[in-house]
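Engineer: One structure is given below, represented as structure tokens, and several questions about it will come after.
No value in this document is a laboratory result; all are computed from the given coordinates. Just so we're clear, the structure is a prediction, and the values are computed from it rather than from any experiment. Because the Cβ atoms are built from the backbone with ideal geometry, glycine has one as well, and the counts that use them run over all protein chains shown.
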Amino acid sequence: MTNQQTIEGIPQTEKGHVKDRLKKFMGVQRKDATLAKAYMIVSFVSLLLGALLGLVQGLNRAGLFELPYWFNYYQVLTSHGLLLVLIFTSFFMIGYFYAGISNTLDGLSNGVRKLGWSAFWTKIAGALLAVSQVLIGEATVLYTFYPPMAASVWFYLGLTLIVLGIWQSCFGVFISAAKWRKANKGQRLPILAFFAVGGFVLLFFSSLFVAAEVLFMIIPWTLGWVETINVMVARTLFWAFGHTLVNIWYLTAVSAWYVITPKIIDGPRFSDTLTRVVVVLLVVLNIPGGFHHQIVDPGISEPIKYMHVYMSLVIGFPSLMTAYAMFYIFEKSGRKKGAKGLFGWFKKLPWKDARFLALFIAMASFIVGGAGGIAQTMHQLNQVVHNSLWVVGHFHVTLGMTAAMTFFGVSYWLIPHISGRQLTPKMNRFAWWTTIVWAIGISIMSLVMHYVGLLGAPRRTAFTEYMGNATASSWDPYLLLIAGGATIMTIGIIMQVYTVFHLMFRAPKGEEEFPIGEAEEGNAIKLPYWTERWSVWILLMWATIAMAYVVPLVEMMINGAPGSPPQRTW
Amino acid sequence: MHRYEKIWLTVSSVLIIGFTLIVGYQAFAMDLGPPSDMETIDPQKVDSTAPFDEPGITQIGDKEYEVVMTLQAFSFTPRDLEFPEGSTVHFIMTSKDVVHGMQIAGTNFNAMITPGHVTRMTQTFDEAGDFLVICNEFCGTGHEMMSTEINIR
């Protein structure tokens with residue numbers, strides 16, 4: 001560090017201020033940064049591993065690569081899902097929001113930092129335990145682990161530890177927010193912290209469902225304490241969590257769109273109150289969304305399914321508001337820079353800035369991903385694409401583009417920020433090309449998956465010729481294209497992981513800004529406080545959950561099917 | 001609120017309500033809802049529970065058939081079905097072990113076959129051809145082998 005030199009030669013009055021900032025950076029916030037760095041390292045290492053497993057699947061499925069019997073396609077797929085769905089995303093989310101809270105709520109308290117570390121190690125232990133079971137062939141059940149397939153009990157204990165870690169990270173956020181509110185009575189929580197509270201509220205409450213499934217149903221059943229399991233109840237509890245989880249990453253990504261983008265493109269933030277309304281709506285409406293994964297399941301009556309069509313569709317409403325907000329800030333920023341005409345602002349956006357380009361492509365891809373999501377919530381369309389490669393294409397657009405590309409865009413400034421380094425123009429160019437390579441690879445793969453899925457190609461299936469059936473062989477050219485897209489994606493991931501570690505350990509030392517946009521309303525006007533009533537929002541969330549789940553769950557339990565004993569079919 | 005904002009919010013609401021109404025009309029007025037059978041069965045006693053104690057094809061009318069089918073890792077019983085062109089086939093299905101899926105590629109026939117539940121679906125085959133039938137829910141290491149054909153002549 002060059003701290004000493006910086007302080008010399010600065011007038012006395014400013015010197016005190018600089019010293020303060022340095023103290024903050026060297027002391028409390030430095031420790032917070034180390035925590036965030038640890039989360040980022042795990043996040044991007046698991047991204048690399050998960051992506052390589054993805055490539056293996058792409059090549060195998062196209063018939064280009066044969067897997068050994070001791071590590072078959074389904075073990076690869078289970079590991080790919082666990083690493084990317086549970087580890088990459090949640091470690092990124094915690095690292096990013098903890099850094100954001102440290103930045104906007106004057107540092108983490110010692111207790112919260114300890115909680116953050118304890119969450120970190122609990123999750124690592126859980127992940128290692130779960131993945132080890134997959135590697136030794138005791139848990140080839142995919143990341144959805146639908147009963148009555150039963151893995152070894154260690155696999156479920158690993159998942160339990162992951163959830164325990166998640167809860168600790170949630171409490172760290174809640175405690176930080178409560179503390180700040182106590183010290184700043186009557187003020188709105190800074191916007192990034194508000195997003196963090198929303199995300200972790202969803203994470204906490206939705207993980208209760210999967211915890212109930214694993215702790216009260218699956219573990220006693222795999223241990224033989226009970227003979228059978230209610231398959232439908234387990235599926236329903238899983239999806240109450242499973243679908244919410246994807247929306248939590250989306251909320252994480254959206255926080256960067258609303259808060260970070262304006263600063264990067266030099267425009268105002270969208271209305272502070274409406275931004276908070278979007279967060280609140282996403283929190284209140286979200287958990288019932290999982291039900292549309294069960295639209296073609298038996299044991300759920302048609303009127304219930306119909307109610308869920310509406311309850312899933314309505315989650316699209318805050319996203320449509322977001323679409324408006326993004327174009328609004330783009331146009332405002334462009335006009336500020338002197339753009340003329342209806343679309344002149346488009347040219348004024350900072351296209352050469354990797355931090356912006358990654359976020360922009362992420363947003364644009366959500367137009368496709370969101371439309372696909374709307375299609376899947378509807379009965380008949382869902383039935384056409386259910387369990388086909390179409391679905392895989394859909395969640396690679398939403399997770400791999402909308403969420404992951406936003407995470408990439410954030411990493412270009414967050415990693416140097418927490419590492420005391422800088423994003424140089426040269427690395428910016430490299431990151432820009434990373435973004436392009438990744439976007440091309442994943443677009444090819446996902447679009448082809450959508451199409452061949454419509455033709456009937458199933459998801460979650462190893463290489464097969466279906467006994468030479470002509471329909472099956474007509475899918476082959478598309479499967480080759482998917483393998484090609486996966487190969488380009490892998491190059492993109494290697495570039496991305498290189499970028500992250502370069503920015504963390506090799507880039508020139510310096511200070512990289514944590515870009516937080518200014519509220520459009522400014523700080524002059526006192527904003528109303530009603531957006532901050534989390535107890536009300538959580539109550540409304542439970543009302544929505546009750547409306548969605550009480551009737552079908554009671555029906556499944558009272559009039560449910562006789563249970564199933566554990567099965568091992570791998 | 002700005003005027004454009006109001007227009008956009010109105011369009012958004014109309015879209016969501018419109019989709020909901022269309023899906024409702026299709027489901028309840030046109031009977032195009034997804035398979036949602038409520039009938040249950042003991043998954044450990046499928047072999048001794050009627051009608052699954054005798055899986056097979058029964059002709060029940062002119063070009064109308066009923067197929068009682070069990071799914072198990074990793075096969076369909078009965079398999080290699082054959083019907084004349086224009087047949088309407090009523091499938092009654094259940095699983096003997098884990099969760100399976102049944103999809104007839106090139107049609108909208110797509111169902112989850114969950115242990116403990118009976119799924120009924122009807123499909124009319126208007127064109128001749130060899131239709132590929134696959135399990136589309138992961139059911140174990142032989143999942144990719146779980147397929148059969150429906151031949152329409």
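Engineer: Rounded to the nearest 500, what is the 222 nm mean residue ellipticity of chain A from helices alone, with -39500 (n - 2.57) per DSSP H run of 4+ residues and division by all residues?
Structural biologist: Here the helix-only value at 222 nm equals -23000 deg cm²/dmol.
Engineer: OK, next. As a test of the definition: which semi-axes, in Å, follow for chain A when you take the square root of five times each eigenvalue of its alpha carbon gyration tensor? Largest first, please.
Structural biologist: 39, 27, 25
Engineer: Sticking with this one: For the stretch A:285-428, treating each Cα as an identical point scatterer without solvent, what Debye log10 I(q)/I(0) comes out at q = 0.09 1/Å?
Structural biologist: With no solvent term, the Cα-only Debye profile gives -0.41.
Engineer: Do any GluC sites (Glu not before Pro) in the stretch B:38-85 lie in a DSSP loop with no more than 16 other beta carbon atoms within 10 Å, and if so, which?
Structural biologist: Listed in order of number, the matching sites are B:Glu39, B:Glu85.
Engineer: I'd like to know which of B:Ile16, B:Thr119, B:Gln44 lies farthest towards the positive end of the charge dipole of chain B, counting +1 on Cβ of Lys and Arg and -1 on Cβ of Asp and Glu.
Structural biologist: B:Ile16
Engineer: Among A:Asn428, A:Trp570, A:Gln57, which residue has its Cα positioned farthest towards the positive end of the charge dipole of the protein assembly as shown, with +1 placed on the Cβ of Lys and Arg, -1 on the Cβ of Asp and Glu, and the dipole taken about the Cα centre?
Structural biologist: So the residue we want is A:Asn428.
Engineer: Please give every one of the aspartates and glutamates within straight-line cross-link reach of A:Lys347, meaning a C-alpha to C-alpha distance under 12 Å, and leave out same-chain neighbours fewer than 8 residues apart.
Structural biologist: Qualifying aspartates and glutamates at Cα under 12 Å: A:Glu331.
Engineer: Any idea what the dipole of the protein assembly as shown comes to, in debye rounded to 20, about its Cα centre with Lys/Arg Cβ at +1 and Asp/Glu Cβ at -1?
Structural biologist: 4660 debye
Engineer: Moving on to the next point. Using Cβ contacts closer than 10 Å as the measure, can you line up A:Asp106, A:Asp32 from fewest to most?
Structural biologist: Ordered by Cβ neighbours within 10 Å, fewest first: A:Asp106, A:Asp32.
Engineer: Contact order normalised by length for the stretch B:43-152, with contacts defined as Cα pairs under 8 Å and 6 or more residues apart; what percent is it?
Structural biologist: That works out to 27 percent.
Engineer: Rounded, prolate or oblate: which one fits the stretch B:43-152, using the alpha carbon gyration tensor with axes a ≥ b ≥ c (rounded when a/c is under 1.5, else prolate when a/b beats b/c, else oblate)?
Structural biologist: Verdict is oblate for the stretch B:43-152.
Engineer: Give me the percent relative contact order of the stretch A:191-288, please, defined on Cα pairs under 8 angstrom at least 6 residues apart.
Structural biologist: The normalised contact order for the stretch A:191-288 reaches 43 percent.
Engineer: List the aspartates and glutamates whose Cα sits under 20 Å from the Cα of A:Lys426, skipping any in the same chain fewer than 8 residues away.
Structural biologist: Partners within reach: A:Asp353, A:Glu511, A:Glu512, A:Glu513.
Engineer: What lysines does B:Lys96 reach when the alpha-carbon gap must be under 24 Å and sequence neighbours fewer than 8 apart in one chain are set aside?
Structural biologist: B:Lys45
Engineer: May I ask which of A:Lys31/A:Lys509; A:Lys263/B:Lys6; A:Lys348/B:Lys6; A:Lys185/A:Lys526; A:Lys114/A:Lys263; A:Lys37/A:Lys509 have a Cα-Cα span longer than 21 Å here?
Structural biologist: In this structure, A:Lys263/B:Lys6; A:Lys348/B:Lys6; A:Lys114/A:Lys263 lie more than 21 Å apart at Cα.
Engineer: Say a site is exposed when it is one of the GluC sites (Glu not before Pro), sits in a DSSP loop, and has at most 14 other Cβ atoms within 10 Å; what is then the longest site-free stretch of chain A?
Structural biologist: A:228-464
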